[in-house]
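Trainee: Have a look at this one before I ask anything.
Where a number appears in this text, it was derived from the coordinates with a stated rule and is not lab data. Small disclaimer: the values here were computed from a predicted structure and weren't measured. Here Cβ is always computed from backbone atoms with ideal geometry, including for glycine, and neighbour counts include all displayed protein chains.
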Amino acid sequence: MINSVYINGLGAISPQETFSADSFLKNIIDYNQKYLEIIPPVYKEYIDPKALRRMSKIVRMGVASGFMALKQANIEIPDAINTGTGLGCQADTEKFLQTMIDNDETLLNPSSFIQSTHNTIGGQIALAIGCNNYNMAYVHRTFSFETALLDSMMMITEGTAKNVLVGGVDEITEESYYIRAKIGHLKNEAEQSSNILNSKTIGALCGEGAAFAVVSDSKTETSYCKIDGVSMFYKPVDTLEIAAKITSFLQEHNLTPQDIDFVISGFNGDIEYDGIYRMINEKIFEHSGLGMYKNLCGEYDTSSAFATWMAANILKFKEIPSEIIIKKPLNKVKRVLIYNQFHNVNHSIILMSEC
Amino acid sequence: MQRRVLITGLGTISSIGMNIEETLDSLLNKRSGIKKSKNLQSVHKDDFVFGEIPLTLSELKDMLNIPQHEAYSRTSLLAMLAAKEAVDNAGISDINKYRTGFLSASTVGGMDRSELYYSDFLTNDTQNKYIDSHHCGDHTEKVADLLGIKDFTSTISTACSSSINTIMFGARLIKLGILDRVIAGGVDSLSKFTLNGFNTLMILDREHCRPFDETRSGLNLGEGAGYVVLEADDIIEKEGKTAICELKGYANANDAFHQTASSPTGEGAFLAMTKALKLSGLNKDDISYINVHGTGTGNNDLSEGIAMKRVFGENIPPFSSTKGYTGHTLGAAGSIETIFGALAIKHNTIFPNLNFVNTIEEIGIRPETDIITNREIKNVLSNSFGFGGNNSTLIISKI
């Protein structure tokens, strides 16, 4: 069994205004776009301008949100840095690939190749703060952030770490959006982000973002909440199996579905797959409130990191923005379950509670 | 009492062999797999030598009975062949009898197809079926489906240290009781993306690489896959199986010096080796053999050598880089070399560092250049380092 951990610091950069620690989603922006892009903070407040010039968007938002989380938690050097990213440094990968094709493999600049590796974000954070500790990058679709989180919780359980910086980050580029939209993974047309539940088309409303947390073995003045568990399951045969997996996960934590006050689900506007969330809700969570989060940040492989940021704030501020509520919780929200899946292949759940 | 983690199966494919048997034969006969490329579609194809597997995509599909029209990257096919061998080698027939996970690693995933079809992706619909195979996790799922694994799958990408980290993570999942068995390792196929990347960094040797040699001038790129089966001691006992060796130590540290270069003090490598030794409970004198990262670049070998001297003092155990055999297989290197370490233990043999002649003056250390068969190999330490400052070390031991 894995121990619970405390979230003692958070940093998020997303299509919403998420980088202030004092307020929580006060002015939610309703977009009508093909994909949602992040609102950048003033990066030079977080990152050395010399280093900043060389960084692509994903590295900037990853490093800056990592620093925000460390600062909030008052941690200078974490015992580990675990990063999840589904598609990694897409802009640099595309840049190197396109130049290679255009120039017939000549006159290439190494910098975009150097920054194209999936561990660039974690490596750049380590480099900037001089952190020689454990450093890992998980890159498995919508399991990327979840595996990074599991690893972090394992380290705290093993006693090999007290404070771990863990996060998820993905970027969208015009090219990668186009390519993934044409195979039906993403929406081809602009969609009102507030209206994704009523979407009539296939494909997800696409987004991007970075969210990091400092998870720790003990509670401090800056603690938001606890993370009690994370679990992933691959290619369940039907919704019965999904329900069984969720129920047995809760059982391992001595809980039943009725103990969950609020379920945050990964509705992304894809008419083919959003029904799964409704079915699971009807099957086992009829007494729980139901919410969504991708109307704020869009779909991307590590969007559950944003959901974790959101759930932590709900548990801290004891308020739920009306824009994310599908079904109001009956009780005060003390326990939240995040449930996300993509194309009914990679399913994941994260259990969080107040502290 | 804490669970022990043992290695019960090995599977690999690289330029020196399609399986464990062929690989061992090449290792024992000093047969390098590095030569001119047959399959790579690159303008630099004839400028360099590669550790290439001499099979086309279509031949690999045939070996796995996959219909030619189905979309599989070369990366996926190599991973499937090696992972299947590992599971068979471990004598596992019912994969879901115990909680089993599959962990893989890759630096560029399905790039071998994406780089050929990227213009098509942007301008027409002829190659759409390869779009999703670009994802690093795609090959992992192809293997999980082949093996019937459902309990746990994930993918790591920490540049050239990637696959050693999957073995480490797998061992921890078993020790904590989350899983009972893990198939762990990594894969990368040759691609012009990495070829051009390393070429612009000017760290490719046009001739056979010479790890730890004063005249070394870069690495040779290779391709391959390597997987080990990790099992908990209680499961092995229950099944009445014998293991090949035990995974005793592991550590991951970060050099935090430069995005691509290693530090002059070898700090990350020093920390990884020191921490792995500590976890294993072994003394530095207990190490019988070190399979070094030893890429053959000026920077890596010097930095790694300095780190080894810091850890072991003047009595550095016998060591060799096996990259003169396989080339640098990037995301597969750590697990392929862990397999070489397991073979060293099993056959009481040290495999030589090919192409070495001149000692690096600055550090004055010499790798083994001949096959050594007359001594017991009890504990093997294996290093794997990568861009982003990622440094990892594993220690495996005779049971």
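Trainee: Grab the DSSP H runs of chain B that are 4 residues or longer, score each as -39,500 (n - 2.57), total them, divide by all residues and round the 222 nm result to the nearest 500 deg cm²/dmol.
Mentor: Value at 222 nm, helices only, nearest 500: -10500 deg cm²/dmol.
Trainee: Using the Cα centre as the reference, give the magnitude of the dipole from point charges on the C-beta atoms of the protein assembly as shown (Lys, Arg: +1; Asp, Glu: -1; all else neutral), rounded to the nearest 20 debye.
Mentor: Working: 68 positive and 88 negative charges, 215 e Å.
Charge dipole, the protein assembly as shown, about its Cα centre: 1040 debye, nearest 20.
Trainee: Return the sequence-ordered ³J(HN,Hα) values of the stretch A:94-106 in whole Hz as given by the Karplus equation 6.51 cos²θ - 1.76 cosθ + 1.60 applied to θ = phi - 60°, using x for Gly and Pro.
Mentor: Karplus values, whole Hz, x for Gly and Pro: 5, 4, 5, 5, 5, 5, 4, 5, 4, 9, 6, 6, 10.
Trainee: Please give the average number of partner chain Cβ atoms lying within 10 Å of the Cβ of each residue in B:309-320, rounded to a whole number.
Mentor: Average neighbour count from other chains, rounded to a whole number: 0.
Trainee: Now for a separate question. Given Cα pairs under 8 Å that are at least 6 residues apart, what percent is the relative contact order of the stretch B:245-397?
Mentor: 38 percent
Trainee: Each residue of the stretch B:388-399 in turn: what ³J(HN,Hα) in whole Hz from Karplus with 6.51, -1.76, 1.60 and θ = phi - 60°, glycine and Pro shown as x?
Mentor: x, x, 6, 10, 9, 9, 10, 10, 10, 9, 5, 8
Trainee: Let me ask you something else. To make sure I understand the rule: partners must be aspartates and glutamates, Cα under 12 Å from the Cα of A:K283, and not fewer than 8 residues away in the same chain. Which ones qualify?
Mentor: Those aspartates and glutamates meeting the cut-off are A:E241.
Trainee: Given A:K245/A:K328; B:K248/B:K275; A:K226/B:K275, which pairs have Cα atoms separated by over 18 Å?
Mentor: A:K245/A:K328; A:K226/B:K275
Trainee: Taking the mean number of other Cβ atoms within 10 Å as a proxy for protection, how do you rank B:78-85, A:127-134, B:360-367 from highest to lowest?
Mentor: My ranking of the peptides, most packed first, is B:78-85, A:127-134, B:360-367.
Trainee: If you don't mind, there's one more thing I want to ask. Of A:M279, A:M55, A:M154, which is the most mobile in a GNM of chain A whose springs link Cα atoms less than 10 angstrom apart?
Mentor: Top of the fluctuation ranking is A:M279.
Trainee: Let me ask something else. For A:V345, B:V143, what ranking results if the residue with the fewest other Cβ atoms within 10 Å of its Cβ goes first?
Mentor: With the fewest neighbours first, A:V345, B:V143 line up as A:V345, B:V143.
Trainee: So what is the relative contact order for chain B, in percent, with contacts set as C-alpha pairs under 8 Å and at least six apart?
Mentor: Reported relative contact order: 23 percent.
Trainee: Under a GNM of chain A (C-alpha, springs under 10 Å), which listed residue has the highest mean-square fluctuation: A:S194, A:S303, A:S14?
Mentor: Comparing A:S194, A:S303, A:S14 in a Gaussian network model of chain A, the most mobile one is A:S194.
Trainee: Something else about it: Going by how many other beta carbons lie within 10 Å of each one, how would you line up A:T83, B:T349, A:T256, A:T142, fewest first?
Mentor: In order of increasing Cβ crowding within 10 Å: A:T256, B:T349, A:T142, A:T83.
Trainee: Placing unit charges on C-beta atoms (Lys and Arg positive, Asp and Glu negative, everything else neutral), compute the dipole magnitude of the stretch B:5-239 about its Cα centre in debye, rounded to 20. Walk me through the intermediate numbers first.
Mentor: Working: 23 positive and 33 negative charges, 67 e Å.
Roughly 320 debye for the stretch B:5-239.
Trainee: Among B:L116, B:L201, B:L64, whose mean-square fluctuation peaks in a Gaussian network model of chain B (Cα, cutoff 10 Å)?
Mentor: Looking only at B:L116, B:L201, B:L64, the largest GNM fluctuation is found for B:L201.
Trainee: I'd like the antiparallel share, as a percent to the nearest 5, of DSSP beta bridges with both residues in the protein assembly as shown.
Mentor: Rounded to the nearest five, the antiparallel share is 65 percent.
Trainee: Now, a different point. Find how many whole Å separate the alpha carbon centroid of the stretch B:67-145 from the alpha carbon centroid of the stretch A:129-152.
Mentor: Value for the Cα centre distance between the two parts: 22 Å.
Trainee: If you filter the stretch A:256-308 for GluC sites (Glu not before Pro), then keep DSSP loop positions with at most 14 other Cβ within 10 Å, what is left? It would help to have the intermediate numbers written out before the result.
Mentor: Values: sites: A:E272, A:E282, A:E286, A:E299; in loops: A:E272, A:E286.
Sparse-neighbourhood loop GluC sites (Glu not before Pro): A:E272, A:E286.
Trainee: If I take R0 = 56 Å and measure r between the Cβ atoms of B:H69 and A:Q258 in this structure, what FRET efficiency does the formula 1/(1 + (r/R0)^6) give, to the nearest 0.05? Could the numbers behind the result be given before it?
Mentor: Values: r = 49 Å, r/R0 = 0.88.
E between B:H69 and A:Q258, to the nearest 0.05, is 0.70.
Trainee: Restricting to DSSP H runs of at least four residues, report the calculated mean residue ellipticity at 222 nm for chain A, -39500 (n - 2.57) per run over all residues, nearest 500 deg cm²/dmol.
Mentor: On the way: 11 runs with 117 residues, N = 355.
Per the formula, -10000 deg cm²/dmol.
Trainee: Also, quick follow-up: Give the lysines whose C-alpha is closer than 16 Å to that of A:K182, dropping any in the same chain fewer than 8 places away, or say none.
Mentor: Leaving aside lysines fewer than 8 places away in the same chain, those within reach of A:K182 are A:K34, B:K129.
Trainee: In the stretch B:1-108, what is the count of Lys pairs whose alpha carbons are under 28 Å apart, counting only pairs at least 8 residues apart or on separate chains?
Mentor: 13
Trainee: Another one. Among residues other than B:N283 whose Cβ falls under 13 Å from its Cβ, what is the net charge (Lys/Arg +1, Asp/Glu -1)?
Mentor: Net charge in that neighbourhood comes out at +2.
Trainee: Order by neighbour count: B:I244, A:I264, B:I372, fewest other Cβ atoms within 10 Å first, most last.
Mentor: Listed from fewest to most nearby Cβ atoms, that is B:I372, B:I244, A:I264.
Trainee: Right, here's the next one. Among the trypsin sites (Lys or Arg not before Pro) within the stretch A:1-64, which fall in a DSSP loop and have no more than 13 other Cβ atoms within 10 Å of their own Cβ?
Mentor: Within the stretch A:1-64, the qualifying trypsin sites (Lys or Arg not before Pro) (loop, at most 13 other Cβ atoms within 10 Å) are A:K26.
Trainee: When only Cα pairs under 8 Å and 6 or more residues apart are kept, what is the percent relative contact order across chain A?
Mentor: 24 percent
Trainee: Short version: ³J(HN,Hα) in whole Hz for each residue of the stretch B:35-46, in order, from phi by Karplus 6.51 cos²θ - 1.76 cosθ + 1.60 (θ = phi - 60°), x for Gly and Pro, what are they?
Mentor: For the stretch B:35-46, the Karplus-derived couplings read 7, 5, 7, 9, 9, 5, 9, 9, 5, 8, 3, 8 Hz, x marking Gly and Pro.
Trainee: Evaluate the Debye formula for the protein assembly as shown with equal point scatterers sitting on the alpha carbons, no solvent, and hand back log10 of I(q)/I(0) at q = 0.09 Å⁻¹, in q order, two decimals.
Mentor: Each listed q corresponds, in turn, to -0.74.
Trainee: What residues have an amide H closer than 5 Å to that of A:Y31, excluding those fewer than 5 places away on the same chain, when H is modeled at 1.01 Å from N in the peptide plane?
Mentor: Under 5 Å from the amide H of A:Y31 lie the amide H atoms of A:S193, A:S194, each far enough along the sequence or on another chain.
Trainee: Sticking with this one: Taking 27 Å as the cut-off for C-alpha to C-alpha distance, list the pairs among A:K57/A:K332; A:K162/A:K332; A:K187/A:K316; B:K323/B:K378; A:K71/A:K219 that go past it. All intermediate terms of the calculation are to be shown ahead of the outcome.
Mentor: Values: A:K57/A:K332 38 Å; A:K162/A:K332 30 Å; A:K187/A:K316 34 Å; B:K323/B:K378 22 Å; A:K71/A:K219 16 Å.
Distance filter (> 27 Å) returns A:K57/A:K332; A:K162/A:K332; A:K187/A:K316.
Trainee: Specify the inter-centroid distance of the stretch A:85-121 and the stretch B:186-204, based on alpha-carbon positions, in whole Å.
Mentor: One Cα centre to the other: 11 Å.
Trainee: Can I ask one more? A:G266's amide H: which non-local residues (gap 5+, or another chain) put their own amide H closer than 5 Å, with H modeled 1.01 Å from N in plane and none for Pro or chain starts?
Mentor: A:Y339, A:Q341
Trainee: Take peptide B:135-146, look around each residue's Cβ out to 10 angstrom, count Cβ atoms belonging to other protein chains, and average those counts. It would help to have the intermediate numbers written out before the result.
Mentor: Numbers: counts 7, 11, 12, 2, 0, 5, 6, 0, 0, 2, 2, 0.
Taking the mean over all residues of the peptide, I get 4.
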